[in-house]
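So the structure is just underneath, and the comments pick up after that.
Rule-based calculations on the coordinates, nothing more; no lab input. Here the structure is a predicted model, which is why all the values come from computation and not from measurement. Please note: Cβ atoms are built from the backbone with ideal geometry, for glycine as well, and neighbour counts cover all protein chains shown.
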Amino acid sequence: MLRLVTFPHRLAAFVAILAATSLGAADWGQPRGEPVVYKTVGDRALTLYVSRPDGAAAQEARPAIVFFHGGGWVGGSPAQLNDQAEHFTSRGLVCVLVQYRFAPRDETAAPEVCIQDARSAIRWVRRHAAELGVDPNRIAAMGASAGGHLAAHAALVAGIDDPHDDLSISSKPNALLLFNPVLDNGPGNYGASRVRDRLRELSPAHNVAAGAPPTILFLGTQDKLIPLATLARFRDALLAAGVPCELHLYEGQDHGFFNRSRSPEFYRLTVGECDRFLTQLGWLE
């Protein structure tokens, strides 16, 4: 039986975990996939890394997953989710790793540029679905930690769009696969100092409603940043709204436990649960 374990936010825990998740690209390796510029902001080009299954043809219209890495909105690399993208490409899905701009390290600055880029990335994939061989109605978002916030925000919250985006194209994913995600930015939760009184604009947990995409959540019971009770409330709110949602807990595990570099066992277990979830949705055989 899993225990309900909750922890307050501690600066020391944040520093330790940020150090583990915000390594530069040279430390994580290079993101896998074909690099494609999806938007340019000023003189900076932002890149997606697209992997397609061997032999995939454009007319097949396969499901896709768009991946958002963690790092507290201020660091990290798309390469953090290389292993997950490699697995799902081997299972026949089109996988897209996203590079996004970082928020200022000032902990009172909202992660608006991160949110804008996440929504732009999903729109780019949907707009280019035909040439990618993607079904525009089967685009999932996978996010880890702060990347989970970006995926969930795109799914649940209206607004915070790049002013140059074509808003006639939806940025809403059709399913969510979230690993120790930041979902509630209210008092006492991660990111509260960045969100403050803008909960309806920025906090996914404050925007749960019918019509949200089916969701699967993963959390270690010893996560020092994401209280178990927070994810349980989020799951219960989705279920109450009539949205399929699963919460999978891993006894004794902390933040980032699902990465293959941390634990091949938990990497295998979590991608296996994602496989089963997507099979239930009819996206995988």
Rounded to the angstrom and largest first, Cα extents along the principal axes for the stretch 104-192 equal 43, 28, 20
Dividing the mean separation of Cα pairs under 8 Å (6+ apart) by the residue count of the chain yields a relative contact order in percent of 18
Applying the span-like rule to the chain (DSSP H, Cα extent along axis at least 27 Å, Kyte-Doolittle mean at least 1.0) gives none
Of the candidates Ala57, Gly148, Val98, the farthest towards the positive dipole end of the stretch 45-153 (Lys/Arg Cβ +1, Asp/Glu Cβ -1, centred on the Cα centre) is Ala57
In debye to the nearest 20, the charge dipole size for the chain, taken about the Cα centre with +1 at each Lys and Arg Cβ and -1 at each Asp and Glu Cβ, equals 280
Exposure-ranked with fewest Cβ neighbours within 10 Å first, Phe257, Phe102 stand as Phe102, Phe257
Counted neighbours (other Cβ, 10 Å), sorted fewest up, put Val125, Val36, Val113 in the order Val36, Val113, Val125
For the chain, percent of DSSP beta bridges that are antiparallel (nearest 5) comes out at 30
The extension gain from Val41 to Glu60, computed as 0.36 nm times the residue separation minus the Cα-Cα distance, is 3.6 nm
Taking Lys and Arg as +1 and Asp and Glu as -1, residues besides Val74 with C-beta under 15 Å from its C-beta add up to -1
Toy charge model, Lys and Arg Cβ at +1, Asp and Glu Cβ at -1: the stretch 178-285 dipole around Cα centroid in debye, rounded to 20, equals 340
One would report the Cα pair-distance distribution of the chain, bin width 10 Å, in %, as 7, 32, 39, 19, 2, 0
With a Förster distance of 30 angstrom and the Cβ-Cβ distance between Glu86 and Ala130, calculated FRET efficiency to the nearest 0.05 equals 0.75
One quarter of the C-alpha convex hull surface, i.e. the mean projected area of the stretch 48-153 in nm², amounts to 6.0
Over the chain, the sum of -39500 (n - 2.57) across DSSP H runs of at least four, divided by residue number and rounded to 500 deg cm²/dmol, gives at 222 nm -9500 deg cm²/dmol
Mean shadow area (nm²) of the C-alpha convex hull around the stretch 94-242 is 8.8
Cα extents of the stretch 163-285 per principal axis, largest first, Å, are 41, 37, 32
